[in-house]
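Step one of this worksheet: look at the structure below.
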Amino acid sequence: MFDAVAARYDLTNDVLSLGQDRYWRFATRRAIGAVPGERVLDLAAGTGTSSARLAAEGVQVVPCDFSIGMVGVGKARRPDLAFVAGDAMALPFDDASFDAVTISFGLRNVADPLVGLQEMLRVTRPGGRLVVCEFSRPSHPVWRGVYSRYLRHVLPRIARLVSSNAAAYTYLAESIEDWPDQRGLAFRLRRAGWRDIGYRNLSGGIVALHRARRPG
């Protein structure tokens, strides 16, 4: 499915989010807080849009995605980035090999998110950081209702106009509504072994930015 949408993925995201995806990526980079020379794993990196920004700041970023199609498009656009095709549940990296790990809008797509979070813990150095940017639940009931109608009725129509695979965005809406809320994801992070967990809402809770550290 992701292979099929790779060519127009970034454009579609920009349209469907009404440009908010740029703000979400900026907030994620600030939450990671990486400094030049640090090694960061960008999981579910897609075509490398966020990875490119980190690299521009002097970070040693490794973009990794399960979709060969995404990796191919990303590598064609940015051959200087060290793209890796990899499964979040069996990461092809050594223990404690990254200062920070980040995953944006990809944890929902991992077959077993708990296993994925445990793998992220394994490859992060003791005291290292995790930042998860993921769709969540708007905190205000009125805003939550408006957002739900957008997901069910408006988003699929827009996707048919701009996406190369509109069915993929029907899945997107369903997966967002089935995903746990902010506290639910925080609970999963703790079960996976992460500590110092916190989150903040972006765009009224449409997206939540979770941060955590590996003990030690």
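The values are calculated or read from the model by the stated rules, or taken from the named source; none is laboratory data. Since the model is a prediction, treat every value here as computed from it, not as a measurement. Don't worry about glycine lacking a Cβ; one is built from the backbone with ideal geometry, like all the others, and counts go over all protein chains shown. These area figures cover heavy atoms from the full protein model, side chains too; ligands, DNA and RNA do not enter into them. Shrake-Rupley method; radii C 1.70, N 1.55, O 1.52, S 1.80 Å.
Mind checking the dipole of the range 63-142: about its Cα centre, +1 per Lys or Arg Cβ, -1 per Asp or Glu Cβ, Debye to the nearest 20?
Details: 8 positive and 9 negative charges, 58 e Å.
That gives a dipole near 280 debye.
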Query - Relative contact order, percent, the chain [alpha-carbon distance under 8 Å, six or more residues apart] - result: 21
Query raised in the report: Going by the alpha-carbon gyration tensor, a ≥ b ≥ c the square roots of its eigenvalues, is the chain rounded (a/c under 1.5) or, if a/c is not under 1.5, prolate (a/b greater than b/c) versus oblate?
Result: oblate
Query raised in the report: Per-residue HN-Hα couplings for the range 52-58, Karplus 6.51 cos²θ - 1.76 cosθ + 1.60 at θ = phi - 60°, whole Hz, x for Gly and Pro?
Result: 4, 5, 5, 4, 5, 8, x
Report summary line: When the charge dipole of the chain is computed with +1 at the Cβ of Lys and Arg and -1 at the Cβ of Asp and Glu, the Cα pointing farthest to the positive end, of 43, 110, 23, is that of 23
Query raised in the report: What does the charge add up to near residue 64, with Lys and Arg as +1, Asp and Glu as -1, over the other residues with Cβ less than 10 Å from its Cβ?
Result: -3
Report task. Quick one: which residues, 5+ away or cross-chain, put their amide H under 5 Å from the amide H of residue 97? H built at 1.01 Å from N. Result -> 124, 125
Requested in this report: Tally the DSSP beta bridges in the chain and give the antiparallel ones as a percent, rounded to 5.
Outcome: 45
Query - Accessible area (Å², per residue) of the chain, counting only protein heavy atoms and a probe of 1.4 Å - result: 46
Query raised in the report: Which value in deg cm²/dmol, rounded to the nearest 500, describes the helix-derived mean residue ellipticity at 222 nm for the chain, given -39,500 (n - 2.57) per DSSP H run of n ≥ 4 and division by the residue count?
Result: -12500 deg cm²/dmol
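Could you work out what % of the accessible surface of the chain is carbon and sulfur, using a 1.4 angstrom probe and leaving DNA, RNA and ligands out of the count?
Numbers: 5450 of 10000 Å².
That share works out to 54 percent.
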